[in-house]
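Trainee: Below are the structure tokens for one structure; questions will follow.
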Amino acid sequence: MNSLRRTLLMSLLAALVAVFLAGALATYTAARAEIDGLMDYQLRQLALSLRDQQFGGPVATPLAPPEESLDFVIQVWDSSGVQLYLSRPHSSLPSLAQLGYSTVRTPEGDWRVYSVPLRDRVIQVAQPMSVRSSMAADAALRTLLPLLAVVPLFGALIWYLVGRGLRPLERLARDVATRRPDSLEPLRADHVPDEAQPLVRALNHLLDRLGQALAVQRAFVADAAHELRTPLAALQIQLQLCERAGDPAARAAAFAELRAGLQRATHMVQQLLTLARQEPGSAPPAVQARLALADIARQTLADHATLADARNIDLGADALDDGAVVLGDPAALRTLAGNLIDNAIRYTPEGGRIDVGVRRDPAGGIDPRCWIEVCDSGPGIPPDERERVLDRFYRRNGQEQTGTGLGLAIVRSIADRHEARLVLDTSPLGGLRIAVGFPPAGASGKG
């Protein structure tokens with residue numbers, strides 16, 4: 001389990017130990033420098049204290065081993081270079097003295113040496129550097145040992161303080177866990193620390209979006225139930241007429257009405273399913289592909305040519321720019337183009353005209369788009385209703401054409417999914433112009 005408390009404890013303890021190690025190194029370095037200065041002073045004082053001592057002739061035989069606790073080695077030479085005294089037999093120090101302070105490397109290790117000429121002799125006092133290192137380490141250890149002893153206490157204190165600091169998050173988790181599924185009120189953030197405020201704001205934003213999605217879903221279900229009630233009731237009446245028909249002609253007419261009612265109901269159900277599939281999160285994200293809007297327009301024009309001919313409508317292409325390439329869901333964009341043309345055919349009078357175009361904004365603009373647009377010669381839509389016709393199940397008063405009121409709602413949903421702009425205005429043909437502008441494939445945030 002990835003415990004935040006354990007992670008903080010180990011991180012803080014590791015940082016504390018690292019600080020202690022750095023402090024130990026600094027303490028050792030400082031103690032070593034202090035001891036070096038003090039020991040150098042002692043070497044000099046010891047050498048000067050021997051200036052009045054009397055030494056015999058040259059050393060001929062080894063002296064007895066000195067005390068093991070004696071750290072200093074003393075050598076004395078006369079003015080002719082004859083060694084008069086050596087305090088430690090078998091010393092590996094050089095037989096010649098370098099006046100002043102020096103550090104000498106020997107098989108026994110480094111030595112700190114001080115040599116001074118006094119009267120008719122030269123006195124040299126030496127001390128192993130290992131003695132100084134040991135003294136500095138002991139001094140550093142004695143300084144840091146009490147601090148190292150309280151590291152467990154620091155660990156326990158950190159564990160408690162971290163746990164206390166995480167209590168607001170635990171209360172927040174309990175608040176979320178104990179909520180009812182339909183409780184989407186914002187979480188309280190008055191007792192949450194500043195570091196957790198972004199999390200609370202994100203959760204509240206998520207709850208708000210869930211509330212909006214549930215409200216839209218409830219409205220969709222209610223509207224769908226309301227809209228389906230009418231065609232289902234009509235189907236039931238038409239079925240009864242079929243049953244009561246007394247002659248073949250009346251029965252055939254009743255069955256024709258029943259067939260038309262079934263087609264309308266089937267079309268509405270298909271539109272409802274299409275709209276549901278376009279809702280955010282209703283299905284896994286579709287594979288995005290590079291698409292030429294001109295190809296989609298040509299295919300959609302071919303699919304609707306028969307329907308346009310049946311109503312004597314001039315359906316054609318104004319200008320199709322093959323360079324208008326976008327990134328999107330192929331099936332969704334075909335549905336969008338199909339609904340645009342189907343809506344135009346449905347509301348354009350017989351003998352009217354519909355032009356489909358694909359174009360690009362000039363390069364170098366602030367927000368260049370690739371547009372697919374449909375212009376018709378129908379009655380058009382007043383400016384104050386152009387936003388309303390994009391709502392689900394909305395149909396203008398006085399319309400004779402049958403429809404579900406879902407075609408343009410589906411167009412808007414697909415446009416929103418593709419970050420496209422939807423524009424409704426007056427067509428050059430006198431009716432309605434609907435244009436959908438997509439980000440170019442190279443500039444799309446999705447690719």
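Trainee: Give T274, T266, T300, T306 a once-over and let me know the one that is part of a helix (DSSP H, G or I), of a type outside the set (F, W, Y), farther than 30 Å from R209 by Cα and at pLDDT below 85.
Mentor: Details: T274 fails: farther than 30 Å from R209 by Cα; T300 fails: at pLDDT below 85; T306 fails: at pLDDT below 85.
After ruling out the rest, the residue left standing is T266.
Trainee: While we're looking at this one, here's another question. With at pLDDT below 70, in a helix (DSSP H, G or I) and over 30 Å from E257 (Cβ atoms) as the only criterion, which of V221, V216 stands out? Give the derivation first.
Mentor: Details: V221 fails: over 30 Å from E257 (Cβ atoms).
Unique residue meeting the criteria: V216.
Trainee: Of the conditions (1) surrounded by 15 or more Cβ atoms within 10 Å (Cβ to Cβ); (2) of a type in the set (A, V, I, L, M, F, W, C); (3) not assigned by TED's automatic domain parsing to the domain that holds E34, A136 fails just one. Which one is it?
Mentor: Failed condition: (3).
Trainee: Filter region 131-158 down to the residues that are in contact (Cβ under 8 Å) with a residue 24 or more places away in the chain and among the β-branched types (V, I, T) and list them by number.
Mentor: Once the filter is applied, which keeps residues that are in contact (Cβ under 8 Å) with a residue 24 or more places away in the chain and among the β-branched types (V, I, T), region 131-158 yields V131, T143, V151, I158.
Trainee: Cβ-Cβ distance below 6 Å, separation of 6 or more or different chains: which pairs start in region 348-369 with a residue that is within 17 Å of G338 (Cα to Cα) and free of Cβ contacts under 8 Å to residues at least 12 places away in the same chain and end on one that is surrounded by fewer than 19 Cβ atoms within 10 Å (Cβ to Cβ) and polar (S, T, N, Q)?
Mentor: Final answer for the pair search is none.
The values are calculated or read from the model by the stated rules, or taken from the named source; none is laboratory data. All values reported here derive from a predicted model rather than from experimental measurement. Reconstructed Cβ throughout: ideal geometry from the backbone, glycine too, with neighbour counts over all protein chains shown.
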